[in-house]
Structures are given as structure tokens and as C-alpha cells.
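Each reported figure results from applying straightforward, stated rules to the coordinates on display, with no laboratory input. Quantities reported herein were computed from a predicted structural model and do not represent experimental measurements. Ideal geometry is used to build each Cβ from the backbone, glycine not excepted, and the neighbour counts take in all protein chains shown.
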Amino acid sequence: MKYALSFYNKLKAAHNYKPTAKVASPVTLIKPTENYAKLSADYGLSEVCTSKIDIVTVNGDHRTILTGDSVEKIATVLEQLTV
């Protein structure tokens, strides 16, 4: 029950959050090819960002993108962002 309540509170906080300003920095979204949630292509980031959002898609789902070739692609993207 403790974990379910914690998860519920996180969802509630995210739902109730209303940003007071927009992000003006470059934003890169790394997302999986398999997603069961019905979200916009940029996961709604364009609503809180003023600049273009770069979207990188990697094979897998929420968990499997952190394995194999997908994690290598993520590492490459992150390395390019730090240069």
C-alpha cells in the first residue's frame, strides 16, 4: 500500500503542476519506439519550451531502452550534447 500511495502522489503532483515560466534552453527528448501511453510526439514539451525540441527515438520500451544497442545510442546522444 505504501508504494501505491507514493506512486499516486507522484501522479497527482505531476497532474497539478503548472509551470510559471518556459524553458528557453535547447531540449532533447529521448523516447522509446514502444509506448503504451497516448502522448503527443514531443510528450507535451512544446507547451513548456520556447525552443525547438529535438526528438531521438530508440528501439524498445520504457525499460528496454536502457539495454543493448539502445543504451549505446542514448550514450552517443548524451556525449554529443556535452561537446
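Volume per residue for segment 21-81 equals 83 cubic angstrom (convex hull of Cα atoms). For segment 23-34, the Karplus equation 6.51 cos²θ - 1.76 cosθ + 1.60, evaluated at θ = phi - 60°, returns couplings of 6, 9, 7, x, 10, 10, 9, 9, 9, x, 6, 9 Hz by residue, with Gly and Pro reported as x.
Computed extension gain for Asn35 through Thr64, at 0.36 nm per residue and net of the alpha carbon distance, reaches 9.3 nm.
Amide H contacts of Ile55 (H built 1.01 Å from N, in plane; Pro and chain starts excluded): Leu29 sit under 5 Å, all sequence-distant by 5 or more or on other chains. Simple rule: put +1 on each Lys or Arg Cβ and -1 on each Asp or Glu Cβ in the chain, find the dipole, and look at Thr76, Tyr8, Leu29; the Cα lying farthest toward the positive end is Tyr8.
If the segment from Glu79 to Val48 were pulled out straight at 0.36 nm per residue, it would be longer than the present Cα-Cα gap by 8.7 nm.
Residue by residue, segment 9-18 carries 3J(HN,Hα) couplings of 5, 5, 4, 5, 5, 5, 5, 7, 5, 10 Hz when phi is fed to the Karplus relation 6.51 cos²θ - 1.76 cosθ + 1.60 (θ = phi - 60°); x denotes Gly or Pro. About its Cα centre, the dipole of segment 21-81 is roughly 200 debye, where the only charges are +1 on Lys and Arg Cβ and -1 on Asp and Glu Cβ. The trypsin sites (Lys or Arg not before Pro) found in the chain that occupy coil by DSSP, while having at most 14 further C-beta atoms within 10 Å, are Lys22, Lys38, Lys52, Arg63. Backbone phi angles across segment 45-60, fed through the Karplus curve with coefficients 6.51, -1.76 and 1.60 (θ = phi - 60°), yield HN-Hα couplings of 5, 4, 6, 10, 10, 9, 9, 4, 9, 7, 10, 10, 10, 10, 5, x Hz in residue order; Gly and Pro are listed as x.
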